[in-house]
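Take a look at the structure below.
Quick note: the coordinates plus some simple rules give every number you see, no bench work behind them. These numbers were taken from a predicted model, which means no experiment stands behind them. Cβ sites come from the backbone with ideal geometry, for glycine too, and all protein chains shown count toward neighbours.
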Amino acid sequence: MTRRQRRILTFLAISLLICVGASSGWSYLWQRPCTQITITGTDYTDPATMYGLIDSTFSTQLVVDRLQRHPWVQGARAICYPTGMMRVEVLERRPLLLTLKETGSPAYYLDEFGHMMPAHPQAIFDVPLLRGTTNPYRALSPVKNQAVRDLLALLPRLPAEIDSLISEFEVTENELTMIMRVAGADQIMLVHLGDTAWEERLHKLYAFWDQQIRPREDLMVEVIDLRFRGQIVTRENPI
């Protein structure tokens with residue numbers, strides 16, 4: 001073996017040892033257990049309840065699994081860094097409706113997927129009220145009423161001008177009734193939306209209110225019925 005060949009073999013051996021050592025070092029660092037946890041993304045959920053569900057000895061997968069059992073958590077992501085710090089990012093559920101009990105007291109919130117979240121003492125959300133549901137509260141279990149599920153799917157698609165008119169819904173079997181409160185006009189209107197085509201009827205409602213009711217200060221409309229094809233039936237009280 002020539003001197004040049006010995007030098008090349010020596011260089012390769014040293015390089016291999018360096019690579020093995022570096023790999024072992026990084027492997028040790030990434031397998032090092034986390035000793036601290038930081039949770040972000042909790043805008044209105046009490047962080048103490050989050051920390052109470054997990055422990056620094058848990059794997060990242062177990063941390064995510066435990067946090068996603070919290071009724072207000074839609075998703076979570078956890079990374080354990082070589083420094084021993086575990087960073088957890090939480091995505092909270094966004095409430096769209098607040099259901100009421102028969103007594104009128106708050107029961108639970110619903111997100112767009114129909115998941116139930118307990119009424120929140122730390123935050124008040126400006127969402128429509130919902131009456132007529134019979135589903136008891138069950139964490140991590142979506143509401144079964146199909147009319148309510150359809151309504152939840154519809155609400156995120158509504159433009160702001162329609163959303164601003166909605167105060168309360170009531171579900172009777174599969175039919176939907178809406179209470180419309182006009183801000184600044186001291187008007188409350190009962191709106192019958194029926195059992196189908198709610199999105200189309202809500203757009204028709206806004207156009208009717210904007211063109212026929214809002215310009216007239218001498219008119220008080222108590223009931224608007226949109227259940228009839230091609231017709232808008234109203235009950236009015238002149239002021």
Using θ = phi - 60° and the Karplus curve 6.51 cos²θ - 1.76 cosθ + 1.60, what whole-Hz ³J(HN,Hα) does each residue of segment 77-93 get, with Gly and Pro shown as x?
9, 10, 9, 9, 8, x, 6, x, 9, 9, 9, 10, 10, 10, 10, 7, 6
Evaluate the charge dipole of segment 97-238 about its Cα centre and quote only its size in Debye, nearest 20, assuming +1 on the Cβ of each Lys and Arg and -1 on the Cβ of each Asp and Glu.
320
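Once you have a ≥ b ≥ c as the square roots of the Cα gyration tensor eigenvalues for segment 98-239, tell me rounded if a/c is under 1.5, and otherwise prolate or oblate according to whether a/b is larger than b/c. Please report the intermediate quantities before stating the final value.
Numbers: a/c = 2.13, a/b = 1.70, b/c = 1.25.
In terms of gyration-tensor shape, prolate.
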How large is ³J(HN,Hα) for each residue in segment 58-72, as worked out from phi by the Karplus curve 6.51 cos²θ - 1.76 cosθ + 1.60 (θ = phi - 60°), to whole Hz, x for Gly and Pro?
6, 6, 4, 5, 5, 4, 4, 4, 5, 5, 6, 7, 6, x, 9
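What's the magnitude of the charge dipole for segment 79-148 around its Cα centre, counting Lys and Arg as +1 and Asp and Glu as -1 at the beta-carbon? Answer in Debye, nearest 20. Don't skip to the end; give the middle numbers.
On the way: 7 positive and 6 negative charges, 37 e Å.
Result for segment 79-148 is approximately 180 debye, rounded to the nearest 20.
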Of 147-153, 158-164, ordering from highest average Cβ density within 10 Å down gives 147-153, 158-164
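With r defined as the distance between the Cβ atoms of Asp65 and Asn174 and R0 fixed at 35 Å, what FRET efficiency is calculated, to the nearest 0.05? If you can, show how the numbers build up before the last one.
Values: r = 36 Å, r/R0 = 1.04.
According to the calculation, E is roughly 0.45.
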Of the options Met189, Leu165, Pro82, report the single residue whose Cα projects farthest towards the positive end of the charge dipole of segment 55-200 (beta-carbon charges: Lys, Arg +1; Asp, Glu -1).
Pro82
Amide H contacts of Ser141 (H built 1.01 Å from N, under 5 Å, at least 5 apart or other chain)
Met116
Taking θ = phi - 60°, what integer Hz values does the Karplus form 6.51 cos²θ - 1.76 cosθ + 1.60 yield along segment 198-214, in sequence order, with x for Gly and Pro?
5, 5, 4, 6, 5, 5, 5, 4, 5, 4, 5, 5, 5, 9, 10, 9, 4
List the residues, sorted by chain then number, that are 5 or more residues from Ala76 or on another chain and whose placed amide H is less than 5 Å from its amide H.
Leu91
Quick one: which residues, 5 or more positions from Leu97 or on another chain, have an amide H under 5 Å from its amide H? H modelled 1.01 Å from N in the peptide plane, none for Pro or chain starts.
Leu110
For segment 33-92, what is the relative contact order in percent, using Cα pairs closer than 8 Å and at least 6 residues apart in sequence?
46
